[in-house]
Amino acid sequence: MKVEVVTEPLTGVRADALVVGMMTDETKLPPALAALDRQAGGRISAVIAAEKFQGKPGTVTHLHVAEGLGASRVVVAGLGPRKAANPELVRRAAASGLRRARDLGARTVALEVFGDGLTPRQRAHAAVEGAILGTYVFDRYKREKSEKAVETLKVIAPDGRQAPQITEGARRGEVFARSTWLARDLINAPANDVHPTHVADVAKQVAREGKLKVKILEREDCAKLGMGAFLGVAQGSPEQPPKFIHLTYTPSGKPTKRVAIIGKGITFDSGGLDLKSADGMSRMKNDMSGAAAVLGIMQALPKLGAKAEVHGFIAATENMPSGTAFRPGDILRAMNGTTIEIGNTDAEGRLTLADALCYAAKFVEPQEMIDMATLTGACVVALGPLCSGLMASDQRLADRLLAAARTAGERVWQLPLIEEYKEQFKSDVADLNNTGGRNGGAITAGLFLKEFSGGIPWAHFDIAGPAFIDKDSPLGPKGATGVAVRTILTYLTSGK
Ligand code: BES
Ligand code: ZN
Ligand code: ZN
């Protein structure tokens, strides 16, 4: 979908469909819609009245217009009450409006930059982001592709003076959404194609396109560095070699800060010798959702002109049972020398992340480290499928990430890192055990990771719930969501 900003009136803009917004508490049509209605011979108000369309969030209606307008179809999307206006309602209205326009066969769609109370830049960002996210489809593996697709999105800036702001917002919204698409594509694709070597290839491609630095460490390189925790997990996959990926984005001016982002990159989690059930394993191609988010974010940073220096890390491997696999009771040694007794081979994510955190702390010395991981089923039990857990060693960092998530429209809830729970992963024979008891599993996993953060302000997103969903959502179909990309991009580019 090509995005362009046009300075044409709603009435004249040439398109197969025009998407406009309507609030619930509008007793009469707002001026822009009223003008449109007059040009269309009163048909819009007639349809709204006949259908008792109220502009509730998530609702949408449409009509075909033979003459009077530049567009042959008008789609009206509900925005909810004026006083509740926020970017998320704009995103959702744009998403449902675009889906309707697409389903009506429109190829060129004009979009009103709706959303009272927001700046033109915020509105354009939210509308374009929603439009692109909402029309995502994953049909790469299907013989029959949908013939209906929007090719051109015309973002309308009716007032020429606002065009620069609208252009800037639209561009940011487009970058945010496209990098989320990259993450979704990687997660939705199956583990037989998305193996560690493929993840490394995508990292190289992202680096080439965005002029980033990329370094890929092979199994032997990791062994020399003493990454025994990561390699313990990778041991079960002699056929699919692990890859440790380090991407670096350096801004053109003096960096405002140096941040490391780390994504869990288990391309398939069978559980290892502590094998998962068929049901538990069925969606485990998504266990690299954190890694996919890192790739999406790294792809976006140069396009957004981010001012921070950002290092992206992925310890990519499968977690498989085999004759060479690591076993319950094995003791692994992480890069910082900590020994870890394996209580359960299915608690593999924290092992791979432990070495990634050690590596980042040692070689990059970032001011902040943020990891994203589909880490625990316990987090899904605690917060359900639509909310990520956040744990952090530094409350200021946590507060800023929570604010970024709110701006981005992603749900995140902070969980406490209760130090006393550390006794759950005491080991009789090693420094730590990789599993705690059943209770507070998301928190104990967080506490485990914190042991490897080297005292650097660190935050951890457990995205096990929202990374991959069973039902269609307002901003995309069921399957991969690309969660965390937009929150972290908001965080890394705020104040810009
Ligand atoms: N990848 C899973 C966590 C997961 C579960 C992600 C459900 C998405 C949906 C992780 O590696 C895992 O298996 N964790 C175990 C830890 C346990 C053995 C301590 C879990 O949550 O059961
Ligand atoms: Zn696991
Ligand atoms: Zn896992």
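I'd like the full set of residues that are small (Gly, Ala, Ser), within 22 Å of Leu29 (Cβ to Cβ) and out of contact with any helix residue (DSSP H, G or I) (no Cβ under 8 Å at 6 or more places or on another chain), limited to segment 108-154.
Ala110
Is segment 430-449 home to any residue that is modelled with pLDDT of 95 or more, outside any loop (DSSP other than H, G, I, E, B) and closer than 30 Å to Gly78 by Cα?
No, that holds for no residue.
Taking the residues in segment 431-488 that are acidic (Asp, Glu) and touching a residue at least 60 places away in the same chain (Cβ under 8 Å) as candidates, determine which candidate is surrounded by the most Cβ atoms within 10 Å (Cβ to Cβ).
Asp462
For Ala291, indicate whether it is within 16 Å of ligand 3 (Cβ to nearest atom), buried (at least 24 other Cβ atoms within 10 Å of the Cβ) and among the hydrophobic types (A, V, I, L, M, F, W, C).
So Ala291 fits the description; yes.
Being within 28 Å of the chain's Cα centre (by Cα) and acidic (Asp, Glu) is the filter; apply it to segment 187-242 and report the residue that is farthest from Arg350 (Cα to Cα).
Glu209
Thr197 versus (1) farther than 30 Å from Lys307 by Cβ; (2) outside any helix (DSSP H, G or I); (3) touching a strand residue (DSSP E or B) at 6+ places or on another chain (Cβ under 9 Å): which is the lone unmet condition?
Of (1) farther than 30 Å from Lys307 by Cβ; (2) outside any helix (DSSP H, G or I); (3) touching a strand residue (DSSP E or B) at 6+ places or on another chain (Cβ under 9 Å), only one is false for Thr197: (2).
Closer than 19 Å to Asp159 by Cα, assigned to a strand (DSSP E or B) and either touching a Gly at 6+ places or on another chain (Cβ under 8 Å) or not small (Gly, Ala, Ser) (or both), is that true of Gly21?
Yes.
Matching residues to (1) crowded, with 17+ Cβ neighbours inside 10 Å; (2) among the aliphatic types (A, V, I, L, M):
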site	(1), (2)
Asn188	yes, no
His198	yes, no
Val202	yes, yes
Gly210	no, no
Ile216	yes, yes
Arg219	yes, no
Cys222	yes, no
Gln240	yes, no
Gly263	yes, no
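Can you give me the ranges of the strands (runs of 3 or more DSSP E) entirely in segment 45-153 with at least 1 residues that are within 28 Å of the chain's Cα centre (by Cα) and in contact (Cβ under 8 Å) with a residue 60 or more places away in the chain?
Once the strands (runs of 3 or more DSSP E) in segment 45-153 are filtered for at least 1 residues that are within 28 Å of the chain's Cα centre (by Cα) and in contact (Cβ under 8 Å) with a residue 60 or more places away in the chain, what remains is 108-112.
Out of the residues in segment 1-29 that are over 14 Å from Phe53 (Cβ atoms) and of a type in the set (Gly, Ala, Ser), which is farthest from the chain's Cα centre (by Cα)?
It comes out as Gly12.
If you scan segment 369-389, which residues turn out to be part of a strand (DSSP E or B) and either out of contact with any Asp or Glu (no Cβ under 7 Å at 6 or more places or on another chain) or more than 9 Å from ligand 1 (Cβ to nearest atom) (or both)?
Scanning segment 369-389 gives Met369, Ile370, Asp371, Met372, Ser388, Gly389.
Answer yes or no as to whether Phe268 is more than 11 Å from ligand 1 (Cβ to nearest atom) and at pLDDT 95 or above.
In short, no.
Working only within segment 276-298, note down all residues that are within 10 Å of ligand 2 (Cβ to nearest atom) and out of contact with any strand residue (DSSP E or B) (no Cβ under 8 Å at 6 or more places or on another chain).
Gly280
Specify which of the listed residues (Thr180, Thr256, Thr248) is in contact (Cβ under 8 Å) with a residue 12 or more places away in the chain, among the polar types (S, T, N, Q) and in a strand (DSSP E or B).
So the residue among Thr180, Thr256, Thr248 that is in contact (Cβ under 8 Å) with a residue 12 or more places away in the chain, among the polar types (S, T, N, Q) and in a strand (DSSP E or B) is Thr248.
Could you check how many residues of segment 154-171 are of a type outside the set (S, T, N, Q), in a helix (DSSP H, G or I) and surrounded by fewer than 24 Cβ atoms within 10 Å (Cβ to Cβ)?
6
Pick from segment 377-397 the residues that are more than 18 Å from Thr481 (Cβ to Cβ) and within 16 Å of ligand 3 (Cβ to nearest atom): which of them is surrounded by the most Cβ atoms within 10 Å (Cβ to Cβ)?
Ala378
The values are calculated or read from the model by the stated rules, or taken from the named source; none is laboratory data. In this text the structure is predicted, and so the values were computed from the model without any measurement. So basically every Cβ, Gly included, is an ideal-geometry build from the backbone, and we count neighbours across all protein chains shown.
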